[in-house]
1. Kindly indicate which of A:LEU115, A:LEU121 is of a type in the set (A, V, I, L, M), under 27 Å from A:LYS9 (Cα atoms), under 19 Å from the mean Cα position of the chain (by Cα) and within 13 Å of chain B (Cβ to nearest Cβ).
2. Among A:TYR152, A:TYR129, which is the only one that is touching a Pro at 6+ places or on another chain (Cβ under 8 Å) and modelled with pLDDT under 95?
3. Being under 30 Å from B:SER194 (Cα atoms) and of a type in the set (S, T, N, Q) is true for just one of B:SER16, B:SER38. Which residue is that?
4. I need the full set of residues from region B:13-51 which are within 17 Å of the chain's Cα centre (by Cα) and over 21 Å from A:ALA116 (Cβ atoms), in order please.
5. Which members of region B:41-70 meet the condition of being of a type in the set (S, T, N, Q) and assigned to a loop (DSSP other than H, G, I, E, B)?
6. Given the conditions (1) crowded, with 18+ Cβ neighbours inside 10 Å; (2) more than 10 Å from every other protein chain (Cβ to nearest Cβ); (3) touching a residue at least 24 places away in the same chain (Cβ under 8 Å), report the number of the one that B:VAL188 does not fulfil.
7. So how many residues does region A:71-92 have that are facing chain B (nearest Cβ under 10 Å), within 16 Å of A:ARG54 (Cβ to Cβ) and part of a loop (DSSP other than H, G, I, E, B)?
8. Would you check which residues across region B:138-167 are more than 12 Å from every other protein chain (Cβ to nearest Cβ), touching a strand residue (DSSP E or B) at 6+ places or on another chain (Cβ under 7 Å) and exposed (fewer than 14 other Cβ atoms within 10 Å of the Cβ) and list them?
2 protein chains.
Amino acid sequence: MDQVCGTSKIAGCSFSIHPMSDEFAGIILEILKKVDTSKVWLDTDDVTTTVRGRVEHIFDVTKAILLHVSKTNVHAAFHATYSIGCPGDSAGDTYMAESLHRRNEDASRSITQPLAAKFSLYPMGGGSYMDTIYKQIEAMKSKGIQVTPAHYSTRLDGDTHTVFEGLENVFRETEASGSSHTVMTVSVSVNSPSSKESIL
Amino acid sequence: MDQVCGTSKIAGCSFSIHPMSDEFAGIILEILKKVDTSKVWLDTDDVTTTVRGRVEHIFDVTKAILLHVSKTNVHAAFHATYSIGCPGDSAGDTYMAESLHRRNEDASRSITQPLAAKFSLYPMGGGSYMDTIYKQIEAMKSKGIQVTPAHYSTRLDGDTHTVFEGLENVFRETEASGSSHTVMTVSVSVNSPSSKESIL
């Protein structure tokens, strides 16, 4: 079971991206050619893709994939569970030696994309995170992100780069505050034909 | 923030379903006509749909929506976060008075659908749940579900009804064991053209 976790600092993300198009498979194969995943351990099956490594590269890779799919103008959904505090292993821990430089940031920065996201934070192992999280939420607001409470989550509307920066900060600060196992789920919608209207 | 939770017994699920088709909107509107949501509080926006009420109806409605979408034979993804232990409110608590009869079960039972699912359990409020969960996992195995460990989750392959029954039992047993706030995430893939092969 996933809740038995150790103290390794390896971060990971289990995610899926869904372009709502008959051409979904082709779109994803094209995007994979554009995103540099060399700094993360990566495994894909028919349900989710998992990346593991340093926090910066987990966010760098997942943001880049989302942005490249967004750029096709197809309506797409992205669902991710970020986790830190689960035990590493020899296959994954190798990637902890990678340098801090984010391989996809330059290419990602060239893409401007608004998104709607809902995120939830599950600090499984204690920590004094509330103040730091509120600080990060305020920082996002001051950078133009609209923050709205929702059932079981917090909604963020705004620029993809600003939202991802905020989410990475929330995740890092929770971990730094002493939570021995931190989980954050994020659901994103881009290019929605029914922005803020009713669609499942 | 979502982690500040009380002791109400109202359950809820924030979910999305994504038919990978140019016709995604039409498919969803058709399915909504076929699923009876009268026993749950329901709210939909462009990112997720939230249903709240009694545990049985939360699972009844989400399973029915997944099955009806599956029946179209379109490749679809379903992502859900089930939660219990967050405070209710007057709008939601009204639905706690509904009877136990599952409005969609008869129609759902007529649909046979294999799925691949990954689930994670986050018992935020203690509880002695490990033994009961292992028991539920064993029960699923004995009914033909293939159970595989995965990073950050447990993978289940098999019949939709059996998997959902197992997930509902895991969720209920964790809550019953004393967890004051229980969260369970579920990612599902149906009608995948690349079953168990590499696609994001």
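1. A:LEU121
2. Values: A:TYR152 fails: touching a Pro at 6+ places or on another chain (Cβ under 8 Å).
Within the list A:TYR152, A:TYR129, the selection yields A:TYR129.
3. Criteria check complete, one pass: B:SER16.
4. Residues satisfying the conditions are B:ILE31, B:VAL35, B:ASP36, B:THR37, B:LYS39, B:VAL40, B:TRP41.
5. Step one: filter region B:41-70 for residues of a type in the set (S, T, N, Q), giving B:44, B:48-50, B:62, B:70.
Selection gives B:THR48 alone.
6. (2)
7. Residues in region A:71-92 being facing chain B (nearest Cβ under 10 Å), within 16 Å of A:ARG54 (Cβ to Cβ) and part of a loop (DSSP other than H, G, I, E, B): 2 in total.
8. B:GLY144, B:GLN146 - these are the residues of region B:138-167 that are more than 12 Å from every other protein chain (Cβ to nearest Cβ), touching a strand residue (DSSP E or B) at 6+ places or on another chain (Cβ under 7 Å) and exposed (fewer than 14 other Cβ atoms within 10 Å of the Cβ).
The values are calculated or read from the model by the stated rules, or taken from the named source; none is laboratory data. Just so we're clear, the structure is a prediction, and the values are computed from it rather than from any experiment. No Cβ is skipped: glycine too gets one built from the backbone with ideal geometry, and neighbour counts run over all protein chains shown.
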